[in-house]
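Undergrad: Quick one: the structure is below, and I'll ask about it shortly.
Read-outs throughout are calculated quantities, based only on the coordinates presented, and are distinct from any laboratory measurement. These numbers were taken from a predicted model, which means no experiment stands behind them. Cβ placement follows ideal geometry from the backbone for every residue including glycine, while neighbour counts extend to all protein chains displayed.
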Amino acid sequence: MENKLKLSDFDYQLPEELIAKYPEEKRDNSKMLVLDKKTGKIEHKHFYDFIDYLKKDDVLILNNTKVIPARLIGKKETGAKIEVFLVRPLKENLWSALIKNSKRLKTGDIIIISDELKVLLKEKKETDKDNIPEHIVELIYKGNEEEVLNKFGSIPLPPYIQREAEEKDKETYQTVYAKITGSVAAPTAGLHFTKEILEKLEEKGVKIGYITLNVGLGTFLPVKVDEITNHKMHKEAYTISKETADLINNKKGKLFAIGTTTTRCLEAAYQKFGKIQETKDETDIFIYPPFKFNVIDCLLTNFHLPKSTLLMLISAFSSREMILETYKIAIAEKYRFFSYGDCMLIK
């Protein structure tokens, strides 16, 4: 039975050299594997060919969330090094955060990031369901929060990239249409787009809309249970505008979702309301086989980690067997994997 799938059913072996450490110099030069989920036919293309797969009146939905430079390196007044990882904004100046070496801290302690930015530990938490405590911190600074974080924070690159974030990651680990600040990870399928590609799609008569889903801590957390149905996702905030809802509800062509975050947002909204409507909400939807997709027709996505919830989602959209077979081919063809890697169009 499909619903008895185990975590090990979503495993595969990836040569380490295929993990992309840096993006392609030109965003749309990434390779793109195209999979027809009905027939299993595979084509090997580049992302600049993406335009050829959309027709006039098709609808393209992108996630316009913006990545926070959420990693702050500072020290206690005693000089001990402390790392703060901002997870999500709570209200003005207050954030939920992970803190390395938090055992060295007590409520009321101040972490000095620079002369212009300090972090006050307002509330110390002991643990949560993943044994990863999210503490409450207050940012102390003068001026504009986004500017201060851009100046002193670094982009929280996923751990598998195995390098320190560089200044240029603030641009390359951000989509060209990023607008609404709030994510700790990029919606990586969107990293392949250029402004020129978007313009060409509009010229072709493709309708383009945006949602916002702030990618949270769940993106980094591994599935720890063997029975995948026992896994619980962290909640992520999302927003759908009236304009985007109308675009989807009145569509004449196919709907292309850019990334798993866009997919989760749209399918969660449909599941809750029975349609796509203007809303600001949270979702902890977990998509795995079998799942009935009600909104999206085609999905552009990157190549995902073994045993990840993202691999489970695309397995639900196609089939587990077809996806794992396709990944074998992608590995043989030396596609680049994960956040800065190549992409896959499932149609």
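Undergrad: State the Cα centre-to-centre distance between the stretch 19-54 and the stretch 133-154 in whole Å.
TA: If we compute the Cα centre of each part, the gap is 37 Å.
Undergrad: Take every Cα pair under 8 Å in the stretch 190-268 that's 6+ residues apart, average their separations, divide by the length, and report that relative contact order as a whole percent.
TA: Once divided by the residue count of the stretch 190-268, the mean separation gives 37 percent.
Undergrad: Tell me the relative contact order for the chain as a rounded percent, counting alpha carbon contacts under 8 Å between residues six or more apart.
TA: In percent, rounded to a whole number, it is 25.
Undergrad: Follow-up. Straight-line reach from residue 26: which aspartates and glutamates have Cα under 13 Å away, leaving out those fewer than 8 places along the same chain?
TA: Filter leaves 171, 196, 342.
Undergrad: Starting from the Cα of residue 83, step 7 Å toward the Cβ, then list every residue of the stretch 174-208 with an amide N under 18 Å from that point.
TA: Once the point is set 7 Å along Cα→Cβ of residue 83, 184-186 turn out to lie under 18 Å by backbone N, inside the stretch 174-208.
Undergrad: OK, next. Where in the stretch 67-85 does the amide nitrogen come within less than 17 Å of the point 7 Å from the Cα of residue 171, taken along Cα to Cβ?
TA: 67, 69
Undergrad: Pop the C-beta distance of residue 101 and residue 57 into the FRET formula with R0 = 51 Å and round what comes out to the nearest 0.05.
TA: Working from the Cβ atoms, E equals 0.40.
Undergrad: I'd like the Kirkwood hydrodynamic radius of the stretch 187-259, using the inverse of the mean 1/r over distinct C-alpha pairs, in Å.
TA: One over the average 1/r among Cα pairs gives 15.2 Å for the stretch 187-259.
Undergrad: Using only the Cα atoms of the chain, what do you get for the radius of gyration and for Dmax, in Å?
TA: 20.4, 63
Undergrad: Still on this structure, I have one more. Given a Förster radius of 30 Å and the C-beta distance between residue 75 and residue 235 as r, what FRET efficiency does 1/(1 + (r/R0)^6) yield to the nearest 0.05?
TA: Efficiency at R0 = 30 Å is approximately 0.40.
Undergrad: Mind giving me the nanometre distance, one decimal, between the label points for residue 136 and residue 272, set 7 Å out from Cα along Cα→Cβ?
TA: About 2.3 nm, to one decimal.
Undergrad: Holding the Cα-Cα limit at 21 Å, pick out from 4/235; 179/275; 41/347; 207/242; 37/292 the pairs that are longer than that.
TA: Going by Cα-Cα distance, 4/235; 179/275 fall outside the 21 Å limit.
Undergrad: What is the extension gain from residue 243 to residue 196, computed as 0.36 nm multiplied by their sequence separation minus the C-alpha to C-alpha distance, in nm to one decimal?
TA: Result for the pair: 14.6 nm of gain on full extension.
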